[in-house]
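The values are calculated or read from the model by the stated rules, or taken from the named source; none is laboratory data. Predicted model, so just to flag it, every value in this text is computed and none were measured. As a convention, Cβ positions derive from the backbone with ideal geometry for all residues, glycine included, and neighbour counts pool all protein chains shown.
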Amino acid sequence: MLNEKQMRTTPTKRSEQIPVRKPQWTFSELVGQKPRSDFGRMMFGAMSLVFPEGERFFIRSVKHFASQIHDEGLTQDVKNFIGQEAQHGKLHETFNKAVLGHEYDIESFLKWYKSTMFDFVETQATKILGPKLALSITAAAEHFTATWAAHGLSSGYLEEHITNQTLLDFMQWHAVEEIEHKHVAFDVLQEVDDSYPLRVAGMLFCATLLPFVITVAFLSLIRQAKNLDIFAFFRDAMSEGKNGGIMSSFLPAIVEYMKPGFHPSDHDDYAMARAVAERIEQRMEKVA
């Protein structure tokens, strides 16, 4: 019933490679540095706080079904997906502790986030609804991150808002790899169960929970802000919305994902990601 493979009218495509890069940034030069925008720092900080445990959830949900994959290419992609996601979690934790932890108490949020969303919600949802839902949520979340990544790389948004080269490289590196592996969780889901209702259910869960946890993280940072220029803060927030910031692509991403027969490779932005990767890999090697 509602078999997605039968609905798909265009061939799917995979990234030619999913390299596991291991940058060694410490972000020491960012510690104590006044941000260009308090709103921008807190928005990125909120997302960065959410990433590490989220990456571990993605790895768990995909790894659970690794033994059921019969496509050798996809099997290798899963291994590389896990490698990339592990590095994302590691580097975001380094950033969170070094930069955000210098200014804010981040442990209170992180403790709540892990115990509520994973120790309780994930455990209970998996027990009641099964592990396929977790995989479906991961596929939906990967669509969001790949959409935001493509927007950030193609629009010039990151270069416009970030002046520190290390921070820019960090965000572009993460964005590149989100595009490189954007098909993996989706293809594993299709291999295990290509039911359209299952895919939609994952998006509905993700579209509800992801904004919620990012908002809680954002508010936890605002609550601790010192000498915050309220006028500048709201000016930057309004500017973000008017100028098509990353979050403006949230609703369009949902609509696109809901289309029967959708596949992440419908957007062929692999060449763009490769071009950006080539520009930053040499600087990454210098800190390795």
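Does region 60-99 hold any residues that are within 16 Å of HIS174 (Cα to Cα) and either modelled with pLDDT under 95 or of a type in the set (Val, Ile, Thr) (or both), and which are they? Break it down stepwise before answering.
First, the residues of region 60-99 that are within 16 Å of HIS174 (Cα to Cα): 80-96.
Within region 60-99, ILE82, THR94 qualify.
Of (1) modelled with pLDDT under 95; (2) buried (at least 18 other Cβ atoms within 10 Å of the Cβ), GLU103 satisfies all except one. Which?
(2)
So, in region 77-93, exactly how many residues are buried (at least 18 other Cβ atoms within 10 Å of the Cβ) and without any contact (Cβ under 8 Å) to a residue 24 or more places away in the chain?
The qualifying residues number 1.
Somewhere in region 163-181, is a residue at pLDDT 95 or above and under 22 Å from GLU122 (Cα atoms)?
no
Please work out if GLN124 is farther than 30 Å from GLN17 by Cβ, modelled with pLDDT of 95 or more and out of contact with any helix residue (DSSP H, G or I) (no Cβ under 6 Å at 6 or more places or on another chain).
Details: farther than 30 Å from GLN17 by Cβ: yes; modelled with pLDDT of 95 or more: yes; out of contact with any helix residue (DSSP H, G or I) (no Cβ under 6 Å at 6 or more places or on another chain): yes.
So GLN124 passes the test.
A quick yes/no check of all residues on (1) surrounded by 15 or more Cβ atoms within 10 Å (Cβ to Cβ); (2) without any contact (Cβ under 8 Å) to a residue 40 or more places away in the chain; (3) outside any helix (DSSP H, G or I); (4) not charged (D, E, K, R):
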position: PHE95; (1), (2), (3), (4): yes, no, no, yes
position: PHE109; (1), (2), (3), (4): yes, no, no, yes
position: TRP112; (1), (2), (3), (4): no, no, no, yes
position: PHE120; (1), (2), (3), (4): no, yes, no, yes
position: LYS132; (1), (2), (3), (4): yes, no, no, no
position: ALA139; (1), (2), (3), (4): yes, no, no, yes
position: GLU142; (1), (2), (3), (4): yes, no, no, no
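Looking at (1) at pLDDT 95 or above; (2) within 25 Å of MET171 (Cα to Cα); (3) surrounded by 13 or more Cβ atoms within 10 Å (Cβ to Cβ), which is the only condition TYR270 fails?
Looking at each condition in turn, TYR270 falls short on (1).
If you take just the helices (runs of 4 or more DSSP H) that sit entirely in region 153-240, which of them hold at least 2 residues that are closer than 30 Å to PRO260 by Cα? Please lay out each step first, then the result.
Values: elements: 157-161, 165-180, 184-192, 196-222.
In region 153-240, the matching helices (runs of 4 or more DSSP H) lie at 165-180, 184-192, 196-222.
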